[in-house]
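Below is one structure, written out as structure tokens; the observations come after it.
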Amino acid sequence: MAGPGIPAYLGVAVFLFVTGAFGVLLRRSPLIVLLSLEIMLNGANLALIAFSRHWGNGDGQIFAISVMAVAAAEVVVGLGLIVAMARKKLNLDVDELSSLKG
Amino acid sequence: MSLLAVTAVGNVLVWAVWVLAVATCIGTGLLVVTRTNPFHSALALIGNLGSLAVLYLLLSSEFVAAAQVLVYAGAVMVMFLFVIAYLGGKADAPWIGGRTWHQAASAVAGLAILVNVLVAIGMAAGGSLKHEAQLDQVFGSPSEIGRLFLTDHLLAFEVTSIVLLIAAVGGVVLGSHARRSEAEDAAALAAGEQV
Amino acid sequence: MITTPHVDWFALSPTLALLAVAASALLAAVLVPGPLRKPVSATVTFAGFVGSFAAAAVLYAHSADAHGALTGSLMRDRWGALAQLILAGAGALAVLVSYGERTKEHVSEYYALLAAAGAGMIFLAQASSLLTIFLGVEWFSIALYILCAIDIDRASRLEAGLKYLITGSFGSAFLLFGSALVYGATGTLRLDLIGRAVADRGLSDDPLLVVGLAMMLVGLAFKMSVAPFHQWTPDVYQGAPTPISGFMGAATKAVAFVLTIRILQTAFAQDAHLWTVLLAVLAVASLVIGNLAALVQTDVKRILAYSSVSHAGFMLMAVAADSALGGRAVLYYLIPYSAMSIGAFAVVAARERELGHDVSADDLAGYGWERPVLGVALWIFMLGFAGFPLTGGFIGKFYAFSAAYRHGWLWLVIIGAAATAVSLWYYLGIVRQLFLRSSAGAAGSTGTPSAPPRDALLQIAVVACVAITVASFFAVQPLIDLAKHAAGSLPF
Amino acid sequence: MALWLILLPLGAALAVWLLPLDRLAATGLALAAVLGEIGLWITTLVRFDLDSGKLQFEEQASWFKDLGVTFHLGLWGYSLWLIGMTVLVLGAAIAFGARAGRERPRAYFGLMLFLLAAVVAVFEAQDLLLFYVAWEAMLIPLYFLVGVWGGAGRVAATYKFVVYTIAGSLLMLTSIIVYGLQQGTFDMTLTTGSGSMWLFLGFAAAFAIKAPLFPFHGWLPQAYRESPPEVAAVLSGVVSKTAAYGFLRLGVIEFGGPSLRIRDTVLALAAVGLVYGSIVAFRQPDLRGIIAYSSLAQMSLITMGIFSINLAGFDGAILQMVNHGLISGVMFLLAGLVERRAGTSDVARLGGLARGRPILATALLAAGMIALAVPGSATFGGEFLILTGVFASGWAWTVVGAAAIVLAAMYALRLISAVLHDRKGEAVTDSARDLRLPELAFVLPLLGCLIALSIWPNAVASHSFGKAFERCTPLANVLKLTAEDCP
């Protein structure tokens, strides 16, 4: 294969995944949290594609495409929730989802 | 196989593209989670998705790369941008708030994962990941993806559509105006507030 | 030329029954006139769960030899079928409990999504490839996210929904990345082939596989609400509609455990030396954190949420034992546990509907004398949760302890016993409210709201839950036989 | 037969709970069930072969096979006597409750009957897990009986009681699981005993707390004081005996080696409890306190008998268990009757009750006399046997035991004289009536049995174990039984 080997791609994938995880854990705006979740899923997708290339079978690509659809589904619901909350004029802050305390 | 990879010049080109794509990918990834304005984050995510599509191409997965652009950049991101526009792109301070120990624990756990997986990949790089398989002609092509979806992964294909359907129902349910909130909106209007 | 694989419709029948019902309920939202919508969709959904139950029963009877279906995406076996029986039963009970909920909007959608969530879980009980597992998890999770927030007029519901979505997706992402690494290590998505690859190629210490396994377990731990991945549980259980909390407590837990055992036993049997220890540690964490946190709660739904965390710990003890006995123990445990969970939340729902606000422990003062049927039922559920004899909860704990002891983990048994002692404090605290206090002096009952008419369906569900809780204590042998055959289809 | 002894009260309890009965019907049903249970017990006694020393009236059904757990019931000679005592005392307690007109009669009578079934099940269980089930089942009704119908401090008392007992029970459960899985069966007639001290201590913890044995008696004063009198009677008369029974059946018989090793420690604790309980009883200001602490002393004495680990000690312990069950029952019930009349059980405010109330005085006097073990009484027989048994372990124990009898005389006489003879207390009014016929109906049978036992203590003492144990388990080795002794 031309260019860098599979491990290099995996490194990027892990980096993306962890970056996204940090975003989910540390950010407070639900919109950015949702975006960070997308980053996490994309990191996983990159790993899947890289492994798919490594093994030369299409399972990983199938998986990745399914993940895209699922991510879209999550986004629909997540954005729906955010919009509904915005309509209720709730404070959009994950850490201060007011009445519920962890 | 991509045409780019045929010659030695091609190889250099692949490296260059790879470095560029990875740099974009990492840079935009960081931007997504660090920007205060969700609008900027969303734009960064588009760049991130685009650079990932390039990486997918380099990995000979043309169809996935296309899907990435169409589905993500074309559909998901549009939704995001609509919602952000609707909400007015409210900014928030990136790293403030929450319990300190919670943040610290998250940071430690996240770094632990990073180190762990990197070490694992490093170890695997010298071992099982050393030699990738020879690709056949159809690898990553739309026809191959279509064949897999209709044979080995028929069930996954169907289930994916169910998940999307459920999400659609959810979108309708959550997006619908309830009567009471309309009444509230009216009351708020009457009170001279901005809705 | 593409030859589509043979589709084993029979193996899919429990799922398809519910999917059909979900579609019908959705149609009812459009076609059926307003006042009839609720009865029609509820009836249809109930029938769907019953149908699914029946289909799963037939499937159980005809799946003595476990085999893959649909190119290995599914396993048609008794392990899945028995789990489906539990899930379908839980769903049917949840419909009964839900009927009295006073929602005006989205009634048909509620039942459609309930059926869809049930279908996802029932599908997941059979799923046996990393891809279908991930899709199944998302399937039921997304339906549950929406269900949590379906009452979009109430802020607490929306917040619970969003919180659940974020933590749930976070967990799913871990499951996904873990799956990717496992796929990378073995080159296949099918659990059985992964297991074979690990055994044949000696991959049990492969770094990618081990890290992938760990990340998958983290993802699953979110779904099982195992400490320290449980933080969402109390918030979501408290914020969600109460019947949904009961359904989540019972069904999500059931399917997550059934799935975890399937994955571990089918794909990672070679790595048992790693995950048994990890799960034992998680079990201890759940027991400690769940019980101690429950002690300081006042809201009954939060108490029940933390109690569910501690029960995850008890079940994990059995999973960590890595034996057929442990598998039996979990399957048995889930039967009374599901009944108790749905029943307890049902009683809380009934009280909530009477009061019109969230139920704190003080709101239950004297409730046992006021409403003897519900009060006694809640008492029995509390005894069952606490593992008192004459309820199936006792036998479940006994089995879990036995499995842990057989594995050579006496210390785990001792911690389990100590955790049980702690848990008695808050379970008996609720019983004390129910019977040892009079409602007259209780705070919150001032200005008693007009009591709504008694909810016959809810009472039927609660009585059924009591019957299951108590009967499972006496009829251990038949249930264990079922569980034994079910566990027999996994390569323990 | 063994099964019906459980099913009758259990069925009656369910009937009382589920049927929409009024107070009269519920009371009637409960009393009828108790009478039926007594009849059933007498029938069992008549058909029981007292000399065989074997397990009789066995009932067995499979429960879950893969772990070797069965529904196994049966009666040993000593179980039979303890069940008889249980049935009588609980019957009297239920009659007392009926007379007292407890609130929420359906719940109350149901719980009492359920308790009866649970205690009988404890004495009959021949399977470790079943034993545990019955053991814990006792706690469910007790929790409510103390917590709902008790005095002002009932909730705290209930919590203390429950926390103590559960702590012990869970240790026992751990031991049961380990022991049963080690043995491959939970059937107590098939287990072969174990030499593990830890397992033994797990069991012993549960029994020591429930008996209670010094220093595990922290829950006792509050629970006995805050309970309704008839529940206190059951607690001290019956429930404590399940603990002594457990010590005997599961402690000493299954774990002969560890019991022997720990014998001196237990004897020392029991001796301390005996003296301590007696002295504190003597200093208590109220009737309930006196009876409560005397109960602690008596349980210590019984434990001494059991841990003498010889047949004389066992026979004495069994006899004393029956005796004390009846005495404690009758004393608490009489105390309850006095409280109902005077409104207090404060000894300083009582007194002079004998004058004009001959029946009450006679009953209290008779019970008191038997309690202080006057020669010729059943308790004298029991204590004598226990001391004989303990003598084998060292004469010093016997001295302590004998000293305790003197102490017992002190508190018993103080109780009698303070309540009956002293100058008239302020709480005693002339309107306080003598015992009525219905009250006699539940006091007399207990006293009658005590007198009958005084005449023929061997009915219990010699027919508890037979000539030897049927099961020549480790205990047989401990007792140096020869092969001929084992049938």
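The values are calculated or read from the model by the stated rules, or taken from the named source; none is laboratory data. These figures come from a predicted structure and were not determined experimentally. Every residue, glycine among them, receives a Cβ derived from its backbone with ideal geometry; neighbour counts consider all protein chains shown. Please note that ligands, DNA and RNA were not included when accessible areas were found on the heavy atoms of the full protein model with its side chains. Shrake-Rupley method; radii C 1.70, N 1.55, O 1.52, S 1.80 Å.
Would you work out if region B:29-157 is rounded, prolate or oblate? Take a ≥ b ≥ c from the square roots of the eigenvalues of the alpha-carbon gyration tensor; rounded if a/c is under 1.5, else prolate when a/b is larger than b/c, oblate otherwise. Cα axes put region B:29-157 in the oblate bin. Interface size between chain A and chain B, please: total buried accessible area, 1.4 Å probe, rounded to the nearest 100 Å². Answer for the A-B pair: about 7000 Å² buried. Counting Lys and Arg as +1 and Asp and Glu as -1 over every other residue whose Cβ lies under 13 Å from the Cβ of residue A:64, the net charge comes to -1.
Derived scalar couplings between HN and Hα for region B:44-57 equal 4, 5, 4, x, 4, 5, x, 5, 5, 4, 4, 4, 4, 4 Hz in order, rounded to whole Hz, by the Karplus curve 6.51 cos²θ - 1.76 cosθ + 1.60 (θ = phi - 60°), x for Gly and Pro. Restricting the calculation to alpha carbons of region A:6-90 gives Rg and Dmax of 15.1, 51 angstrom.
Relative contact order for region B:1-95 using alpha-carbon pairs under 8 Å, separation at least 6, rounded to a whole percent?
Working: 87 pairs, mean separation 27.7, N = 95.
Here the relative contact order equals 29 percent.
Semi-axes of the equivalent ellipsoid for region D:264-455, computed as √(5λ) from the eigenvalues of its C-alpha gyration tensor and ordered from largest down, come to 31, 17, 11 Å.
How high is the relative contact order of chain D, given as a whole-number percent (alpha carbon pairs under 8 Å, six or more residues apart)?
Values: 888 pairs, mean separation 84.1, N = 487.
It comes to 17 percent, rounded to a whole number.
The mean accessible area for residues of region C:200-283, using a 1.4 Å probe and ignoring ligands and nucleic acids, is 20 Å² per residue. Considering only alpha-carbon pairs that sit under 8 angstrom and 6 or more positions apart, the relative contact order computed for region D:175-334 is 28 percent.
In region D:279-335, carbon and sulfur make up what percent of the accessible area (probe 1.4 Å)?
64 percent
Translational D (Stokes-Einstein, µm²/s) of region D:116-219 at 25 °C and 0.890 mPa s when Rh comes from the Kirkwood sum over C-alpha pairs? Let's see the in-between values first.
Working: Rh = 14.5 Å.
For these conditions, the coefficient is 169 µm²/s.
For each pair in C:223/C:397; D:160/D:424; C:104/C:301; C:104/C:163; C:301/D:160, compute the distance between the two Cα atoms and list the pairs where it is over 29 Å. Too far apart for the 29 Å limit: D:160/D:424. What's the local net charge at residue C:328, with K and R +1, D and E -1, over the other residues with C-beta under 11 Å away? Taking every Cβ under 11 Å from that of residue C:328, the sum is -1.
Under 5 Å from the amide H of residue C:190 lie the amide H atoms of C:130, each residue being 5 or more positions distant or on a separate chain, with H modelled from the backbone and absent for Pro and chain starts. Computed log10 I(q)/I(0) for region B:1-95 at 0.25 Å⁻¹: -1.20, from the Debye equation with unit scatterers placed on every C-alpha and solvent omitted.
Summarising the amide proton neighbourhood of residue D:286: residues at separation of 5 or more, or on other chains, whose placed amide H is nearer than 5 Å comprise D:347.
The calculated pair-distance distribution of chain D uses every alpha carbon pair, bins of 10 angstrom beginning at 0, and gives 4, 22, 33, 27, 11, 3, 0 percent.
Split the accessible area of region D:1-73 by element, probe 1.4 Å, and carbon with sulfur accounts for 70%. When the accessible areas of A alone and C alone are added and the area of the pair subtracted, with a 1.4 Å probe, the result is around 3700 Å², both sides summed. Residues of region C:208-228 that become at least 20 Å² less accessible with every protein chain present than in their own chain isolated, using 1.4 Å: which are they? Flagged in region C:208-228: C:208, C:211, C:215. The Cα center of region C:160-188 and the Cα center of region C:358-391 differ in position by 37 Å.
Once the other residues with Cβ under 11 Å from the Cβ of residue D:221 are scored (Lys, Arg +1; Asp, Glu -1), what is the net sum? List each step's numbers first, then the result.
On the way: positive: D:160, D:225, D:288; negative: D:226, D:286.
Taking every other residue near residue D:221 into account, the sum is +1.
Accessible surface calculations at 1.4 Å, restricted to protein heavy atoms, place region C:47-150 at 20 Å² per residue.
Distance between the C-alpha centres of region C:218-290 and region C:451-492: 21 Å, rounded to the whole angstrom.
Of interest is the spacing of the C-alpha centroids, which for region D:216-274 and region C:99-123 amounts to 55 Å. Against the criterion of solvent-accessible heavy-atom surface with a 1.4 angstrom probe, C:196, C:437, B:35 sort, most first, into C:196, B:35, C:437.
Using a probe of 1.4 angstrom, how much of the accessible area of region C:13-487 is carbon and sulfur, in percent?
Numbers: 8050 of 11910 Å².
Solvent-exposed carbon and sulfur of region C:13-487 make up 68 percent of the total.
Packing here is the average count of other Cβ atoms within 10 Å per residue, and on that basis the peptides D:13-20, D:282-289, C:483-490, A:29-36, highest first, run A:29-36, C:483-490, D:282-289, D:13-20.
In what sequence, highest mean first, do C:53-61, D:48-56 appear when ranked by Cβ atoms within 10 angstrom? Each step should come with its number before you reach the end.
On the way: C:53-61: 19.2, D:48-56: 15.9.
Per-residue mean Cβ counts within 10 Å order the peptides as C:53-61, D:48-56.
Each pair of Cα atoms in region D:295-396 enters the Kirkwood radius, and Stokes-Einstein at 10 °C and 1.306 mPa s then converts it into a translational diffusion coefficient of 107 µm²/s. Solvent-accessible area lost on pairing B with C (1.4 Å probe, both sides summed) amounts to about 3000 Å². Within the same chain, aspartates and glutamates fewer than 8 places from residue D:210 are excluded, and of the rest, those with a Cα less than 16 Å from its Cα are D:136. Rolling a 1.4 Å probe over the protein heavy atoms gives chain D an accessible area of 32 Å² per residue.
Remark: region D:66-72, residue by residue, has Karplus-estimated 3J(HN,Hα) of 5, 10, x, 10, 10, 7, 10 Hz, where x stands for each Gly or Pro and the curve is 6.51 cos²θ - 1.76 cosθ + 1.60 at θ = phi - 60°.
Above 38 Å, the calculated P(r) of region C:13-487 contains 18 percent of its Cα-Cα pairs.
For residue C:230, no residue 5 or more places off, or on another chain, has a built amide H under 5 Å of its own. Averaged over the residues of peptide C:127-139, the number of Cβ atoms from other protein chains lying within 10 Å of each residue's Cβ is 6.
Between residue D:47 and residue D:441, residue separation times 0.36 nm minus the direct Cα-Cα distance comes to 139.2 nm. Per the Debye calculation on the protein assembly as shown with a single equal scatterer at every Cα and no solvent contribution, log₁₀ I(q)/I(0) for q = 0.06 Å⁻¹ amounts to -0.58. Using a 1.4 Å probe on the protein heavy atoms only, what accessible surface does residue C:163 show? Give it in Å² to the nearest 10. Roughly 40 Å² of residue C:163 is accessible to a 1.4 Å probe. The P(r) of region B:93-175 has a tail past 14 Å containing 81 percent of all C-alpha pairs. Rounded to the nearest 10 square angstrom, residue C:314 shows an accessible area of 0 square angstrom against a 1.4 Å probe.
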